[in-house]
Amino acid sequence: ALSQILVVVTNAVNDGSRNTEWFLSYYDIFVRNAFGNYRDILREMIYSPLMAENLSFLQSRSSAYIWERYKIKTQADENFAREIMQLFTMGINKLNMDGTLA
């Protein structure tokens, strides 16, 4: 059931290259943590190369690196943190304790 909630883009899996192995490794996270807690699953999931490809932090560079290397000031890429929070933890809607929309 968790693999249906914590999904990845099918194009990242079905391209016929190394990503099939990445998907199997990603799926193993759920097998290893089937009786664990959600925090451990989320921690392993966000370090997965497959999730890196899905959530834009693959080949992403820090602001400090860009400054030291190119002397250009940039803003941090906050997309990854926002996506993790919206998609896999808090969601985008505020809910009441009974699960109805607030």
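With a Förster radius of 41 Å applied to the beta-carbon distance between residue 24 and residue 67, the computed FRET efficiency rounds to 0.60.
When the solvent-accessible area of segment 27-102 is split by element, carbon and sulfur atoms take up 55 percent of it, the probe being 1.4 Å. Note on residue 79 and residue 101: the model spin-label points, each 7 Å out from Cα along the C-beta direction, lie 2.7 nm apart. Sum up the charges of everything whose Cβ sits under 13 Å from the Cβ of residue 27, counting Lys and Arg as +1 and Asp and Glu as -1, but leave residue 27 out. Every neighbour counted, the sum reads -2. Placing unit charges on the Cβ atoms of the charged side chains and taking the dipole of segment 19-95 about its Cα centre, the candidate lying farthest along the positive direction among 31, 52, 65 is 65. Sorting 45, 90 by accessible area puts them as 90, 45; the probe is 1.4 Å, largest comes first, and only protein heavy atoms count.
The values are calculated or read from the model by the stated rules, or taken from the named source; none is laboratory data. Everything numeric here is computed off the predicted structure, so don't read it as measured data. Every residue, glycine among them, receives a Cβ derived from its backbone with ideal geometry; neighbour counts consider all protein chains shown. We work out accessible area using only protein heavy atoms, side chains counted, and drop any ligands, DNA or RNA first. Shrake-Rupley method; radii C 1.70, N 1.55, O 1.52, S 1.80 Å.
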